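The values are calculated or read from the model by the stated rules, or taken from the named source; none is laboratory data. Just so it is clear, the model here is predicted, and its values are computed rather than measured. A quick note on method: Cβ atoms are made from the backbone with ideal geometry, for glycine too, and the neighbour counts reach across all protein chains shown. Note: accessible area is taken over every heavy atom of the protein model, side chains too, but ligands, DNA and RNA are not part of it. Shrake-Rupley method; radii C 1.70, N 1.55, O 1.52, S 1.80 Å.
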Amino acid sequence: MKRFATLSLVVTLGACGGGEPAETPQQSAPAAAQPAAPAGEMTMPDWMHVDAAARTVHMTITAGLTDAKNYWNFNGGHDGNMTITVPEGFTVTIDLVNKDPNMAHSLGIVTQTSGFGAMPEPTPAFDGAITANPGSMTDATMPGETETIRFAAATAGNYSMVCFIPGHAATGMYVHFNVSADEKAGVQGPS
Ligand SMILES: [Cu+2]
């Protein structure tokens, strides 16, 4: 089912005073430095479940869980301010739920960890680690839909979870995704 939402644009009009000095023209700011990956203690949020005996991880990732970045976030994480860690060799199942009222999203795990362009290469780091039609505004995971992917986190290392809808990762729709060689699992950052 498609849902439609009305966007209200609130425009604040400044007073048109006659005698005020003109504002100094803004220089174009240099590109913001990539924020460091969060370093705090790992926690196990209720959206992530690890079965050590079965060597599986299940997580529910909601695009637009909060309104941060105009809903362009994964469980509220964006701009690399969250790190999800899974143990190497475990089978990872991710349910991508799209709660953004307006916009398609997608999810994939890639080797790139920063500096995303407008259209990230939709090549997953692990077989199966990407949702269908990930760059399509009309055929990716649409508002109200859920899509499930499953893959083996085969090789330890630092990866990213990104959205491939044009402009989303560049705007900040990515979080860190690490595969731990020493069986660690959990989340750092807002969760
Ligand atoms: Cu997106």
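Mind putting a number on the dipole of the range 48-188 about its Cα centre? Charges go on the C-beta only, +1 for Lys and Arg and -1 for Asp and Glu, and I need it in Debye to the nearest 20. Please report the intermediate quantities before stating the final value.
Details: 5 positive and 13 negative charges, 24 e Å.
Here the size comes out at about 120 debye.
Once a ≥ b ≥ c are taken as the square roots of the eigenvalues of the Cα gyration tensor of the range 61-139, is the result rounded (a/c under 1.5), prolate (a/b larger than b/c) or oblate (a/b not larger than b/c)?
On the way: a/c = 1.43, a/b = 1.28, b/c = 1.12.
Here the range 61-139 falls in the rounded category.
Taking the Cα centroid of the range 38-93 and of the range 134-168, what is the distance between the two, rounded to the nearest whole Å?
Rounded to whole Å, the Cα centres lie 13 Å apart.
Given a 1.4 angstrom probe, I'd like the percentage of the accessible area of the range 48-188 that is carbon and sulfur, rounded to a whole number. List each step's numbers first, then the result.
Values: 2660 of 5390 Å².
The nonpolar share, carbon plus sulfur, comes to 49 percent.
Give a residue-ordered list of calculated ³J(HN,Hα) values for the range 133-145 (Karplus: 6.51 cos²θ - 1.76 cosθ + 1.60, θ = phi - 60°; whole Hz; x for Gly, Pro).
6, x, x, 8, 5, 10, 10, 6, 7, 8, x, x, 8
Using amide H atoms built in the peptide plane, which far-off residues or other-chain residues are under 5 Å from Ala154 H to H?
Under 5 Å from the amide H of Ala154: Gly89.
So what is the relative contact order of the range 48-188, in percent, for Cα pairs below 8 Å that sit 6 or more residues apart?
Numbers: 396 pairs, mean separation 44.9, N = 141.
Averaging sequence separation for qualifying contacts and normalising by length gives 32 percent for the range 48-188.
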